[in-house]
Amino acid sequence: MNKLLLSIAFFAFGKLGFAQLTNHTLQVGSESRSYLMYKPVNYQSSEFLPVVIVLHGLGDTGQGMSQAGFNQIADTARYIAIYPDGKTNSFGQTGWNNGTLLSTTSNDVGFMNQLIDSMILNHNANPSRIYVTGFSMGSIMSHYLAACELNSRIAAIAGMSGTAATSVISNCVPVYKTPVMHLHGTADGTVPYGANPLPSLSLVPETMNFWRNVHGCTTTTDSTRIFDAVPGDNITIDRFLYNSCTTNNALELWRLNGADHVFLYPPVNDILESAEVWRFFLRFQHTNPATAGIEALADLKRIYPNPAKEVLTIESSKPMQAVIYDSFGKKHGEMNLNTGENQIHVGNLTNGMYFIKTQGSNQAYRFTIE
């Protein structure tokens, strides 16, 4: 699972955008965990941006995965890209604790939870637009997080050349029907496509059937042949969109005919996988994301009733300014809060989920309008 040599991405993208790529650490229990963060050019702290977590393959690093093109897309698409570093398994290979035989023993779920909290609290990230993707073992981890451990926090995933663990298919029952895109080569010699599966890993058809059952899709799919702009690479691409899913267009497979365990990028190939992944993510947001630590606020003592209809009462510990956003990041009002109870008229807001952000502290509180 370590055949993605990101020299291809170095060739394609060089060192563009490194000014915004910064190193960070989080303490997760007894472990110090590291990651890279890329903020789009001209980033403003007032922006309510999505987050794309990009997970590397076996033996790789966040630095290597940061060359796959997501940074350049972020500059115009406006999202924050995160590249975590995995810990080593018993074979000395960096990877993830994802239910496979090559898993690490690290608390990666706790790491991802803290990462998401940090993005929301410290960088004004949108809790309903947290996305995860990865290559090879990073793809396997994406399926694991979305199906099992962080189903309540991840809006959509995209797997690149890494199928779901058999333990995921056997044991996990996602409550939130996570939109899933999967890209995989039919000639993949590392994570096989349709025959001779690796121990503890499913094949592509099994992975897609698992998600098809989650979404209640029919077995029929609409297929489209992607224009073969580079016939010399001996790879063609078929896109399969599953029909009659609970959420429209929420499940698709990109079959990379003739491709090995590779990441596709122009001008060598017909598509840039990172660009297609973002186009998929762009369509979805989590309908009811768990917000974990962002509900525990020091400055706002209480917000009620929640859900609200006409009037929302905000109990504040001190005078401060606050802003209401919807889950798309649109601002719906600013207010000056006094110490004690403040009554805010919200009858003009349509039904849905909203966030109150207190200025200067990057704190947030989620409430709904019914």
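Some observations on this one:
- Beta bridges per DSSP with both ends in the chain, % antiparallel, nearest 5: 70 percent
- Charges were assigned to the Cβ only: +1 to each Lys and Arg, -1 to each Asp and Glu. The resulting dipole of region 297-369 about its Cα centre is roughly 140 debye.
- The chain: most fluctuating residue of 163, 22, 104 per GNM, C-alpha cutoff 10 Å: 22
- Placing dummy labels 7 Å off each Cα toward the beta-carbon, the span from residue 339 to residue 219 is 6.9 nm.
- Charged neighbours of residue 133, selected by a Cβ distance under 13 Å, balance to -1 (K, R count +1; D, E count -1).
- Relative packing of peptides 116-129, 308-321 - highest average C-beta neighbours within 10 Å first: 116-129, 308-321
- Three principal axis extents of region 7-281 based on alpha-carbon atoms, in descending order, are 44, 41, 39 Å.
- Using the Cβ of residue 234 as centre and a radius below 14 Å, the other residues enclosed give a net charge of -4, where K and R count +1 and D and E count -1.
- Debye log10 I(q)/I(0) at q = 0.15, 0.19 Å⁻¹ for region 297-369, Cα point scatterers: -0.42, -0.69
- In nm, spacing of pseudo-spin labels at residue 26 and residue 260 (7 Å Cα→C-beta vector): 3.5 nm
- Ranked by how many other beta carbons lie within 10 Å on average, peptides 172-181, 55-64 from highest: 55-64, 172-181
- Chain lengthening between residue 209 and residue 282 when straightened (0.36 nm per residue, less Cα-Cα): 23.9 nm
- Where labels lie 7 Å past Cα in the beta-carbon direction, separation of residue 268 and residue 246 in nm: 3.9 nm
- The residues packed around residue 95, meaning those with a beta-carbon under 13 Å from its beta-carbon, carry a net charge of -2 if Lys and Arg are +1 and Asp and Glu are -1.
Bear in mind that the values in this text are calculations on the coordinates, not laboratory data. Quick caveat: nothing in here was measured; it's all calculated off a predicted structure. Please note: Cβ atoms are built from the backbone with ideal geometry, for glycine as well, and neighbour counts cover all protein chains shown.
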